[in-house]
Amino acid sequence: MEKKKTLRELLEKGQVFAPCIWDCVTARSAELCGFGATVLSSGALAWSMLGMPDLGLLTVDEVVFATERIAQFSSIPLIIDAEDGYGESPIHTYRTVSRLAKAGAMAVMIDDTTGIRGWERQLYQDTRLYETIPEKNWLAKLDAAMAACEGTDCMLIARTEAKFKSGLDAAINRCLSAHALGAPMTLAIGIQGVADATAVSERVPGWKIYPDVKSKNGVTDIDLQTAARLGFNLVTMHYMEKAVEFGLMLYGLENCKNGSTVFSDSHDMGGVGPACRGKFSTYKHWLDMEQKFLNRQ
């Protein structure tokens with residue numbers, strides 16, 4: 001494979017729109033759809049790899065393994081949700097980021113959570129119970145992460161989850177501290193809509209992420225142009241989890257009911273299916289390589 005562009009190079013040219021993925025197939029789908037980068041979601045990876053919810057149950061070895069196989073396969077930059085760095089000490093963070101950079105990560109998010117974390121806690125528990133570590137401890141981890149990125153194509157994204165318990169001002173202040181430390185990009189998890197984005201934009205300089213763009217009643221909470229104008233040059237979103245769940249259930253219910261594969265064999269998504277068929281797989285590349293080696297004998 002030709003050397004891929006780094007995330008830094010893409011960001012210097014303009015805004016990057018990146019969906020959350022969890023394996024090589026979802027990464028390939030993102031490429032075929034035209035996205036410029038992808039995010040390895042810890043929650044989606046936990047469901048896919050372990051069958052467990054997003055409750056901070058992944059280990060660093062599992063994340064490194066997934067990073068390595070996706071980064072080697074995909075031609076676009078991969079961003080890793082590395083949560084708290086997988087340990088309390090900054091040297092845990094240093095080793096985690098070093099391993100992820102070596103595995104092919106183009107960016108690594110390090111947040112200020114404790115070991116009790118995960119998005120699905122937000123769904124079933126009072127978000128005020130969602131603790132963050134002291135700011136000085138988080139900054140020490142960020143410093144360690146930036147040291148681990150030196151000399152590599154990987155960059156740090158400083159991510160705070162302080163908004164859930166302490167409010168937007170607290171999250172903004174942490175982003176300011178991370179920026180002052182030298183973090184290339186900051187992320188305040190939990191911001192939603194133009195009002196939150198504007199508040200962050202007015203106070204936090206530098207590269208910023210707008211996390212997980214959403215919609216309600218058919219209207220998006222922020223459009224990409226507005227996000228770009230406010231300085232959010234990386235925008236992420238989740239959509240593949242729902243696409244896979246709904247698609248699997250639809251095809252499964254129809255095929256089970258009919259006792260055949262007629263539905264799935266004939267359902268072409270309005271022509272999109274046949275157009276993409278074969279592009280997901282790189283089988284021809286590997287078979288051609290095999291034949292080349294055999295013909296040399």
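In whole angstrom, how long is each semi-axis of the equivalent ellipsoid of the stretch 178-297, when you take the square root of 5 times every eigenvalue of its Cα gyration tensor and sort them from largest down?
Values: eigenvalues 350, 140, 27 Å².
The equivalent ellipsoid of the stretch 178-297 has semi-axes of 42, 26, 12 Å.
Counting only protein heavy atoms, what percent of the accessible surface of the stretch 72-212 is carbon or sulfur at a 1.4 Å probe? Let's see the in-between values first.
Values: 3000 of 5840 Å².
It is 51 percent, rounded to a whole number.
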What are the radius of gyration and Dmax of the stretch 62-167, computed over its Cα atoms and given in Å?
14.1, 42
Compute the distance from the alpha-carbon center of the stretch 173-200 to that of the stretch 150-169, in whole Å.
8
Using a 1.4 Å probe on the protein heavy atoms only, what accessible surface does Y251 show? Give it in Å² to the nearest 10.
70
Rounding to the nearest 20 debye, state how big the charge dipole of the chain is about its Cα centre with +1 on each Lys and Arg Cβ and -1 on each Asp and Glu Cβ.
580
Length-normalised contact order of the stretch 201-248, Cα under 8 Å, at least 6 apart, in percent, tallies to 43
Which semi-axes, in whole Å and largest first, does the equivalent ellipsoid of the stretch 118-264 have when worked out from the alpha carbon gyration tensor as the square roots of 5 times its eigenvalues?
36, 18, 17
222 nm [θ] for the chain, helices only, -39500 (n - 2.57) per DSSP H run of 4+, per residue, to 500?
-14500 deg cm²/dmol
Let me check against my output: what whole-number percent is the relative contact order of the chain, with C-alpha pairs under 8 Å and at least 6 apart?
15
Which lysines does K257 reach when only Cα atoms under 27 Å apart count, and residues fewer than 8 places away in its own chain are ignored?
K242
Could you order K163, K141, K3 so the one with the most accessible surface comes first? Probe is 1.4 Å.
K3, K163, K141
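Excluding ligands, DNA and RNA, what is the solvent-accessible area per residue of the chain at a probe of 1.4 Å, expressed in Å²? Don't skip to the end; give the middle numbers.
On the way: 15430 Å² over 297 residues.
Accessible area per residue, the chain: 52 Å².
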Dimensions of the stretch 148-222 along principal axes (Cα, Å, largest first)?
46, 26, 21
Candidate residues W207, W286: accessible-area rank, largest first, probe 1.4 Å
W286, W207
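Could you tell me which of rounded, prolate or oblate describes the stretch 230-297, using a ≥ b ≥ c as the square roots of the eigenvalues of the alpha-carbon gyration tensor, with rounded for a/c under 1.5 and, failing that, prolate when a/b is larger than b/c and oblate otherwise?
Numbers: a/c = 2.97, a/b = 1.21, b/c = 2.46.
Oblate.
From largest to smallest, what semi-axes in whole angstrom does the stretch 1-150 give when each is the square root of 5 times an eigenvalue of its alpha carbon gyration tensor? Don't skip to the end; give the middle numbers.
Details: eigenvalues 124, 71, 40 Å².
Taking √(5λ) for each eigenvalue gives 25, 19, 14 Å, largest first.
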Can you classify the stretch 38-104 as rounded, prolate or oblate using the Cα gyration tensor, where a ≥ b ≥ c are the square roots of its eigenvalues, rounded means a/c under 1.5, and otherwise it's prolate if a/b beats b/c and oblate if not?
oblate
Work out, in µm²/s and without decimals, the Stokes-Einstein translational diffusion coefficient of the chain at 20 °C, 1.002 mPa s, Rh from Kirkwood over C-alpha pairs.
105
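The values are calculated or read from the model by the stated rules, or taken from the named source; none is laboratory data. What you see is a predicted model, and the numbers here were worked out from it, not measured in a lab. Counting neighbours? That spans all protein chains shown, and the Cβs are built from the backbone with ideal geometry, glycine included. Only protein heavy atoms, including side chains, enter the accessible area calculation; ligands, DNA and RNA are left aside. Shrake-Rupley method; radii C 1.70, N 1.55, O 1.52, S 1.80 Å.
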